[in-house]
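Heads up: the structure comes next, in structure tokens.
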Amino acid sequence: MSKKKKIVVKIGSSLLANSEKLTLRYAFMYGLMSDLADLQREGHDIILTSSGSVALGLNMVDKRPEDAGILDKQAAAACGQPLLMNAYRQVASEFDLEVAQMLVTVEDMEDRRRFLNIKNTMLRLFENDILPIINENDSVATRDLRVGDNDRLSAKVAQMIEADALIILTSVEGLYDRDPSEPGAKFITEIEDVSEHLESTTGISALGSGGMLTKMHAANMAQNAGVETIIAEGITERPVSSVLKNERRFTRCLVTGETASPLKVWLSNRLQVSGTLVVPDAVAADLEKKGRGIGRGDILSIQGDFIKGDVLHVYNETGEEIARGLTNFSSEETLLMARNLDMPVEDVIGYKTKTDVIGAENILILKDNHLPLDAPEQDQKIVVPT
């Protein structure tokens, strides 16, 4: 551990909050912040992705986790986030550790400019030896517009700063081949292909929004970004450094294959679908072979309301996701161009521009190591050239 590392640590609600009383588990928090302070003094850059705001605020809105609706959780997050950060600041100060709060939404992570702004803020905090504590802004997030869980958020952050390691601390030692309470359950120490383990990862904790399944999705996102993921139990004493020094058991998700460019890694690790295109199977086969983009004449159907610069998910005729890329046009412009193939592009949309809907330089062909996203269930706009 002599080399300076960038480390993202993710903490779930079940480690921070007592499941019955919905109060902070200060013993764990003291052990965590002491460990992170030591790692920072050794020269490592640390980011903490922390859940807990909703769990800590539920008492204030007189709700239990199992009874809380989306509005209750939003209100609880608004109440609990100050409690959480105040506790972090008080505990961190005992170890001469400065902390900063960053709250983000899915739109912040999916928009390229906002994504880079967040990255620059984190790097500046590193320069000043300040520990960023990042969380989803649950007080404004909804079911349809949210990161979805802090596991995937932590993977996006790891991708963002090109981390050396993503450490997800949870209530179990790591991944088993089935429910660990079942007889004969085997512990898995290393994973190369995340997709092989998805069936054994159902179930979530009472306080958390995810479970082992979301951790596998996060590990896959991190793998594609060249970041090793470690899933380990959130013990009280030295929860992070004991893993980095291989002093206890955990599950390691290895980085396999060649890592793409930062732009294409960002394209691959999506949290929501802005829009989709369906292309003929012949075009789908050509995309990888010929390194081409997607023109207006290649489109069979369009789905979703998107704007220029959004990331579109590209499917073949059988519904298999084959690529993702930045669109040069809005959904309305794309539809008009695809329906008027006999007219020049500038005559259709009223200005001169590139003709490809997605340029070859801004498209990522999905490989076997990418977990595909299902297309959203919306009515498709069928494109019929006239």
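The values are calculated or read from the model by the stated rules, or taken from the named source; none is laboratory data. The model shown is predicted, which means the values in this text are computed figures rather than measured ones. Cβ coordinates were reconstructed from backbone atoms using ideal geometry, including for glycine residues, and neighbour counts include every protein chain displayed.
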Of those in region 285-294 that are small (G, A, S) and touching a helix residue (DSSP H, G or I) at 6+ places or on another chain (Cβ under 9 Å), the residue farthest from D310 (Cα to Cα) is G291
Here the residues within region 156-183 that are of a type in the set (A, V, I, L, M, F, W, C) and either under 21 Å from G234 (Cβ atoms) or not assigned by TED's automatic domain parsing to the domain that holds A260 (or both) are V157, A158, A163, A165, L166, I167, I168, L169, V172, L175
Suppose we filter region 236-265 for residues that are among the hydrophobic types (A, V, I, L, M, F, W, C), in a loop (DSSP other than H, G, I, E, B) and over 18 Å from I7 (Cα atoms); how many remain? 1
Among helices (runs of 4 or more DSSP H) completely within region 7-78, the ones holding 3 or more residues that are in contact (Cβ under 8 Å) with a residue 12 or more places away in the chain, under 16 Å from L97 (Cα atoms) and not polar (S, T, N, Q) are 26-41
